[in-house]
Amino acid sequence: MNLPNKITVSRIFLIPLFLILMLVPFNWGEWNLGEDSIPVAHVIGALLFIIAATTDWVDGYYARKLNLVTNLGKFLDPLADKLLVSAALIVLVDLDLVYGQSWIVIAIISREFAVTGLRLVLAGTGEVVAANMLGKIKTWTQIIAISALLLHNLPFSLISFPFANIALWIALVFTVWSGWDYFAKNKQVFINSK
């Protein structure tokens, strides 16, 4: 397994640690922020999520720089992204940090499953589809939104600006758009199937 693929796998292995930090009721105290507070474990969990998400850029950078782009990497990289994003979104619902917008989480995760299914169908025909630019933008808008929500909208909560909610809506738009784009570009799979 080459270096970029090892970095991708490390992203998958960070998910359980992230889940433990976010869901186990550690008594590490809270940061008081005026009227609001945030558990210290959530801050550490959010930082771990951001580190894990950053490995998405790192593995891609090394794969291109060292000419180590492989079919395994094309498969593992988006899978790792989907696992990390889905785990974080489910945590946000569990912690009631999506403020009654769990339908957005359902839409985002549904798109991820649908595109993964499409990738598997295409892989069955011998075609491996790498993430395109729209898919990468989708991933980064999701990461920004999730990071802001995990941090309880810090630092924007200090000025009462709903950045996290706006970022979640932007992530939803790019998620739906990129999903439509994947299916539109690969519609031949459905036309040619019998």
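The values are calculated or read from the model by the stated rules, or taken from the named source; none is laboratory data. Model, not experiment: these values are computed from the prediction. So basically every Cβ, Gly included, is an ideal-geometry build from the backbone, and we count neighbours across all protein chains shown.
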Condition first: assigned to a helix (DSSP H, G or I), at pLDDT 85 or above and touching a Leu at 6+ places or on another chain (Cβ under 9 Å). Can you find one or more residues in the stretch 155-166 that meet it? yes
Given the conditions (1) surrounded by fewer than 20 Cβ atoms within 10 Å (Cβ to Cβ); (2) under 18 Å from A46 (Cα atoms); (3) more than 12 Å from the chain's Cα centre (by Cα), every one holds for S147 apart from (3)
Restricting the first residue to the stretch 158-170 and requiring it to be at negative phi, which pairs with a second residue that is aromatic (F, W, Y) and surrounded by 13 or more Cβ atoms within 10 Å (Cβ to Cβ) meet a Cβ separation below 6 Å and a spacing of at least six or different chains? F163/F156
For the stretch 139-152, check the following and say yes or no: at least one residue is of a type in the set (V, I, T) and either without any contact (Cβ under 8 Å) to a residue 12 or more places away in the chain or assigned to a loop (DSSP other than H, G, I, E, B) (or both). no
I'd like the residue in the stretch 89-122 that is within 14 Å of the chain's Cα centre (by Cα) and of a type in the set (G, A, S) and, out of all such residues, is farthest from F183 (Cα to Cα). A107
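The rows are residues; the columns are (1) touching a strand residue (DSSP E or B) at 6+ places or on another chain (Cβ under 6 Å); (2) surrounded by 14 or more Cβ atoms within 10 Å (Cβ to Cβ); (3) modelled with pLDDT of 85 or more.
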{"position": "I20", "(1), (2), (3)": "no, no, yes"}
{"position": "E35", "(1), (2), (3)": "no, no, no"}
{"position": "I44", "(1), (2), (3)": "no, yes, yes"}
{"position": "L47", "(1), (2), (3)": "no, yes, yes"}
{"position": "G60", "(1), (2), (3)": "no, yes, no"}
{"position": "A63", "(1), (2), (3)": "no, yes, no"}
{"position": "L66", "(1), (2), (3)": "no, no, no"}
{"position": "D77", "(1), (2), (3)": "no, yes, no"}
